[in-house]
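The numbers here are math on the coordinates, done by the rules we state, and not lab data. Quantities reported herein were computed from a predicted structural model and do not represent experimental measurements. Because the Cβ atoms are built from the backbone with ideal geometry, glycine has one as well, and the counts that use them run over all protein chains shown.
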Amino acid sequence: MLLYATVLAGSVVRATGSGMGCPDWPTCFGRLVPPTDVSQLPADYRTRFATPKIEIAEFNVVHTWVEYLNRLVGMGGGLAMLVTAVLAFRERRRDPVLPPLLFGSLACFGLVSWMGRTVVDTNLAPWNITLHMLGALVLVAAAIIAAVRIGEREQARSARVLAAGTRLLVWAVLLAVLTQVVLGTQVREQVDHLSAIDESCCRDRWIGQLGLVFSIHKASAWVLVALGLAGFISLRAQQFRGAWLLPAFLGAEYVLGVVLVRYHLPAVAQPAHLFLATLLFGLLVAWLASSGRPSALPLREPGDGRMSRGPSGETL
């Protein structure tokens, strides 16, 4: 939950333009707790905390505290990951896969945190922001896989079996979601550029000024919808519990996309759009982690020599 809260907080930072609310890292204006008024800053703060060749804007208390709270939520997620990794190491005999998975994700968290500093130092350079987001998704995936493994072990559940074709479709939807996230961050960069020119002017013209990336983002959305519907039909055919969530998430994402385009990129819809994509990503990872492949080897029922069929129709 804390990792998802971190993703949501980061998207709010982007939507509100608060990315440089704290011009240094890990402190904020050189303080552990940021100021609440410009009078608490030195007179030369704009140049003192400027990155090379880039002077920061006037102090904005809202932007500063939005970015600061984003950092606090991220720190909470990192501490929770550390505690979970230590506990998993103590239980390594019961599940030897969990410790390397969680300690690996902890190392990834350190990398993502370092990338957060790089994002600040480079004044929100586009590809640094995209890599920062992808790193966060890796953390979410690792946490979900760990949760699935622990749940199956504690509740003595066996993995649900999915046919090979269905698994392939779910993988395809997952990759399509990742592609949309990457394209979406690049579109957001173009919006930030237009906003930096004059935030108070011509917001209704921004969509028309977006380039090729936005066109690809819209076109690939239909690919995602097609793959999602195919995946839903395949999952339903196997009576996969929760399959309805796939078209539900896709429908909500489509509605938010329409709202963003028709109503000139309202700030509240932007973090919701990204957060839903992250939830869909996590759902797909959970399905893949909790489902196995059907056995390819026929097995005989003990004692009678008869063949049986598995839950996805394969011969057992």
J(HN,Hα) series, segment 132-143, from Karplus relation 6.51 cos²θ - 1.76 cosθ + 1.60, nearest Hz, glycine and proline x: 4, 5, 5, x, 5, 5, 4, 4, 4, 4, 4, 5
Whole-angstrom gap from segment 231-246 to segment 45-112, using each part's C-alpha centre: 35 Å
Note, ³J(HN,Hα) from phi for segment 260-277, Karplus 6.51, -1.76, 1.60, rounded to Hz, x at Gly and Pro: 4, 6, 6, 10, 6, 6, x, 4, 5, 7, 5, x, 5, 4, 5, 5, 5, 4
Gyration tensor verdict on segment 1-157 (Cα atoms; rounded if a/c is under 1.5, prolate if a/b is larger than b/c, oblate otherwise): prolate
Additional length obtainable on full extension of the chain from R160 to D44, 0.36 nm per residue less Cα span: 35.6 nm
Selection of trypsin sites (Lys or Arg not before Pro), segment 29-102, meeting DSSP coil and at most 11 other Cβ within 10 Å: K53, R93, R94
Approximate spin-label separation F103-R205, in nm, with each point projected 7 Å along Cα-to-Cβ: 5.8 nm
Charge dipole (segment 1-157, unit charges on Cβ, about Cα centre) - positive-most of G21, L102, V7: L102
Extension gain from T27 to V138, taking 0.36 nm per residue of separation minus the Cα-Cα distance: 37.4 nm
Cα→Cβ-extended label distance, 7 Å offset, between R92 and L69, nm: 4.0 nm
Förster radius 25 Å - calculated FRET efficiency between L276 and E152, Cβ distance, rounded to 0.05: 0.40
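Give, in nm to one decimal, the length gained when the segment between H193 and V255 is fully stretched (0.36 nm per residue of separation minus the Cα-Cα distance).
On the way: separation 62, 0.36 × 62 = 22.32 nm, distance 2.50 nm.
Full extension of this stretch gives 19.8 nm more.
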